[in-house]
Amino acid sequence: MPPVLLSEDVPFDPAVHNCEPLDLWKPLGGHLWWNSLFWTNFPPLAMLQDAVQAADDGTSSAENPFAAALRLVNSDNQLAEQYVTFGSAREDLCRSMKTHLKPITLTCEVLQYEGVKEVDWDFPLESYAARRDNHQPGDLQARRFADNGVLHLGLNAEEFSERIRPVGDLDAVIHIADKAASENDSWGYCHAVMRIEGWPFRIKRLGSFEGYGEGLRREATFGICQWDESLLWDLLEGDSPDGQLPRANLRKGRKYWASLMDLDWLGPRAAGDGSGSCEIPVEKGYVWFVVEDSIEALESTGKHAVRIRMLEEGVIPAWLDLNFLQVFAGGMALGFLDTMQSAGPPRGSVEALRILSGPLEEDAERAIVVKNEHSRIVFDEPLTLPPSDFVDLGWAILDCCYQGSTIRVSPKPGKLSASAGNDEGSIATKAAGPPRLCHGEGPDKIMAGPAKSNLPYDRNLVM
């Protein structure tokens, strides 16, 4: 199945149309654009390379409709304005990259999941409904949107060096996320990104304890709308007398820490202290690195960047794609999820299985079993789960392992089994959203829209 290509026309002149940072209706803003970056910010993606090659070879539209669509919506007939969602980039890597040839077990220090269920009715005219005092939905007010399809991981860096590759050898750079040349800088979002093996992680905070005197530090928190990029370069390279690039990097060898948006809320709120802080301190998810040098023009973007060397003092950011159950450390494929084991409390585990449904191994369907000392939940094939059940899968894995776990990845997608068993324990918590809308009665009854869950209730582990 070819990728889905969406197009949004912006009826404004980018030369004169400037947006306020808090404008909820700015061009290229909202859920879809929050979970997207310009294509040059990702590792080389097979779907784009194949499409561009097909365009160069003069392949007909019938033979490659995706390449034809790219030529149609981009002004240079290639990729001049092409953004890519994180979800489609993950799928592309999962389908195209080879994994390690042997199983690997690593310690997963921290996890983060941001999945949000669909619990509202889909009224055809819902977006036109008047809101009291013009209040906006919570996600729009927060301007930070969910991505249901990924579980973010922080892997132990020392074990990573011992069992896979020295972390100092990983290709790692920091730069401002590239954007289409044809858009206004105030449109959409602005991120500082840390790219590990080509994969972009958005930076929330960055700081250093070195060079500012005993007990002192300097740090910066980066916004999501347009901001002065000199704040980033001054922190990583030092003050420039004239503010011009290129310039010598005065921060070579200095050690820094970074808090990523993918690892900045690592579990439930701490109970009893009244502070509203997270039970797992955010510092446990810090990435530590040393500045190596400045890059005048990064190969993928052509823009300024700083090359860094990862350290074993922090974590290596990674992600688990919940659709394909594959684990990547940045843009490096590690393998398929096999098991996760957590000491808790309560003690728990996650296991990926392939359930035989025919005489051939290829006929096996995947299932995921998440359990702890008090309960057990069985999830069917992730690619076929309804939205609410899919989000339950992500939260179940997080609830089981957020205090830290070991994760075993394998070149094969789970071990074969005759059965995954059944749910156990008091896992039903509340109704799985509203019932489906319907019209008419009896044989004339028409159900509106697909069901958002296979079950009438949400499923959560008993903690």
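The values are calculated or read from the model by the stated rules, or taken from the named source; none is laboratory data. As the structure is a prediction and not an experimental result, all values here were calculated from the model. All Cβ positions, glycine included, derive from the backbone under ideal geometry; neighbour counts span all protein chains shown. All accessible areas refer to the heavy atoms of the entire protein, side chains included, with ligands and DNA or RNA removed. Shrake-Rupley method; radii C 1.70, N 1.55, O 1.52, S 1.80 Å.
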Pairs only if they're at least six apart or on different chains, beta carbon under 6 angstrom, first in region 62-89 and at positive phi, second open to solvent by 30 Å² or more (accessible area, probe 1.4 Å); list them, first residue then second.
ASN77/ARG71
Kindly indicate which of THR406, THR429 is open to solvent by 20 Å² or more (accessible area, probe 1.4 Å), within 30 Å of LYS102 (Cα to Cα), among the hydroxyl-bearing types (Ser, Thr, Tyr) and not in a loop (DSSP other than H, G, I, E, B).
THR406
Number of positions in region 55-64 that are out of contact with any Leu (no Cβ under 9 Å at 6 or more places or on another chain) and either modelled with pLDDT of 90 or more or part of a helix (DSSP H, G or I) (or both):
1
Any chance you could count how many residues in region 2-49 are on the phi > 0 side of the Ramachandran plot and either more than 21 Å from the chain's Cα centre (by Cα) or without any contact (Cβ under 8 Å) to a residue 24 or more places away in the chain (or both)?
0
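Does at least one position in region 352-363 carry a residue that is in contact with a helix residue (DSSP H, G or I) (Cβ under 8 Å, 6 or more places away or on another chain) and closer than 12 Å to LEU325 by Cβ?
yes
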Going through region 423-441 in order, the residues found to be in contact with a Phe, Trp or Tyr (Cβ under 6 Å, 6 or more places away or on another chain) and either aromatic (Phe, Trp, Tyr) or modelled with pLDDT of 85 or more (or both) are ALA428
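Name the single residue, out of those in region 175-198 being part of a strand (DSSP E or B) and under 16 Å from the mean Cα position of the chain (by Cα), that is farthest from VAL16 (Cα to Cα).
ILE196
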Scan region 65-91 residue by residue and report those that are of a type in the set (S, T, N, Q) and at pLDDT 90 or above.
GLN82, THR85, SER88
Scan region 435-463 and report the pairs whose first residue is among the charged types (D, E, K, R) and whose second residue is in a strand (DSSP E or B) and open to solvent by less than 50 Å² (accessible area, probe 1.4 Å), with Cβ atoms within less than 7 Å and a gap of 6+ or a chain change.
ARG436/ALA448; ARG459/ILE377
Matching entry among PRO11, PRO44 (being at pLDDT 90 or above, in a loop (DSSP other than H, G, I, E, B) and open to solvent by 90 Å² or more (accessible area, probe 1.4 Å))
PRO44
Single residue of region 77-94 satisfying the filter (polar (S, T, N, Q) and outside any helix (DSSP H, G or I)) that is most open to solvent (accessible area, probe 1.4 Å):
ASN77
If you go through region 347-367 one residue at a time, how many are buried (at least 17 other Cβ atoms within 10 Å of the Cβ) and part of a loop (DSSP other than H, G, I, E, B)?
1
For region 440-463: of the residues being part of a strand (DSSP E or B) and open to solvent by less than 50 Å² (accessible area, probe 1.4 Å), which is farthest from TRP121 (Cα to Cα)?
ARG459
Taking MET447 and the conditions (1) modelled with pLDDT under 90; (2) under 27 Å from VAL327 (Cβ atoms), which numbered condition does it fall short on, given that it satisfies the others?
(2)
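When you look at VAL119, is it closer than 21 Å to TYR189 by Cα and of a type in the set (A, V, I, L, M, F, W, C), yes or no?
No.
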Residue by residue through region 199-217, note down the ones that are in a strand (DSSP E or B) and either in contact with a helix residue (DSSP H, G or I) (Cβ under 7 Å, 6 or more places away or on another chain) or acidic (Asp, Glu) (or both).
PRO200, PHE201, ARG202, LYS204, LEU206
Name the pairs: first residue in region 205-216 and free of Cβ contacts under 8 Å to residues at least 24 places away in the same chain and of a type outside the set (Gly, Ala, Ser), second residue assigned to a loop (DSSP other than H, G, I, E, B) and surrounded by 11 or more Cβ atoms within 10 Å (Cβ to Cβ), Cβ to Cβ under 9 Å, at least 6 apart or on different chains?
LEU216/PHE209
